[in-house]
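*Asks:* Can you read through this structure? Questions will come right after.
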Amino acid sequence: MIDNGYLYSKDNKRIFVNTCLGCSGKCTYCYLSKIGYGNRGIISEIKKAEDLIKQIEQLGISKDTLITLGCFSECWDDNNKPETIKLIKNFLQKGNQIQLSTKKQITIEETKQFESLIQYLGQMIVFVSSATISKWRTIEKQTETPSKRFKTFEISKKLNIPTVLYMKPILKGITIQDIEIYKNVIQKYDVRDVVVGSIFG
């Protein structure tokens, strides 16, 4: 077991990896401040992928360990994206399954660099996070616009990399009101999978 913020795991089945601690999104429902991190900006130094990989290897994980990128951070922010990319390439080559959740757009061009490294369908899965569409400007203040981040769904068809609509948290009187808008997004991009988070606020 390890829990230093940058790395968190209870066993060798799954490990959460963060290249930094904190997020610049300023979401009103952010839980980071409750656990000692910030939601007003990136508050901690960027950890080099090489250093994180060394620490992870010392834990004795195998290729069966699920790698989850981002939990206490936005893994696709411009400042830590290069380290996130290094982590993805490393663990794809080792055969690990990788999940990442983001409120940023991941473009087709960015994703092409992983295409030749993917060994099986579903080895890399991208969760596109959204708790609201109509109230985005007040609820998820400094995140990427929903219309832009939803373009990430295009990589499913172009590169056969699964993408998931990740609705978390479900905000009382807000998220459900957008259900018809979400339906339109699902139809527009032919979204196959939707995951509803366990936090209901």
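*Asks:* Residue check: is Ser116 modelled with pLDDT of 95 or more, of a type in the set (Gly, Ala, Ser) and closer than 26 Å to Val17 by Cβ?
*Replies:* Yes; evaluated as a whole, the condition is true for this residue.
*Asks:* I would also like to ask the following. Being free of Cβ contacts under 8 Å to residues at least 40 places away in the same chain, assigned to a helix (DSSP H, G or I) and under 15 Å from the mean Cα position of the chain (by Cα), is that true of even one residue in segment 133-149?
*Replies:* yes
*Asks:* Considering each of Tyr166, Tyr182 in turn, give the residue that is modelled with pLDDT of 90 or more and not in a helix (DSSP H, G or I).
*Replies:* Tyr166
*Asks:* Checking the condition in contact (Cβ under 8 Å) with a residue 12 or more places away in the chain, open to solvent by less than 50 Å² (accessible area, probe 1.4 Å) and among the polar types (S, T, N, Q), which residue from Gln105, Gln119 passes?
*Replies:* When all the criteria are applied, what remains is Gln105.
*Asks:* Please enumerate the residues belonging to segment 67-102 that are in a loop (DSSP other than H, G, I, E, B), open to solvent by 30 Å² or more (accessible area, probe 1.4 Å) and at pLDDT 95 or above.
*Replies:* Lys94, Gln97
*Asks:* Which one of the conditions (1) within 23 Å of Cys71 (Cα to Cα); (2) more than 18 Å from the chain's Cα centre (by Cα) does Ile181 fail to meet, given that it meets all the rest?
*Replies:* (1)
*Asks:* May I pose another question? I'm checking my understanding of the structure. Among residues of segment 27-66 that are of a type in the set (D, E, K, R) and at pLDDT below 85, which one is nearest to Gln119 (Cα to Cα)?
*Replies:* Glu45
The values are calculated or read from the model by the stated rules, or taken from the named source; none is laboratory data. As the structure is a prediction and not an experimental result, all values here were calculated from the model. Note: ideal-geometry Cβ built from the backbone for every residue, glycine included; neighbour counts use all protein chains shown. Accessible surface is based on the protein model in full, side chains and every heavy atom, while ligands, DNA and RNA are left aside. Shrake-Rupley method; radii C 1.70, N 1.55, O 1.52, S 1.80 Å.
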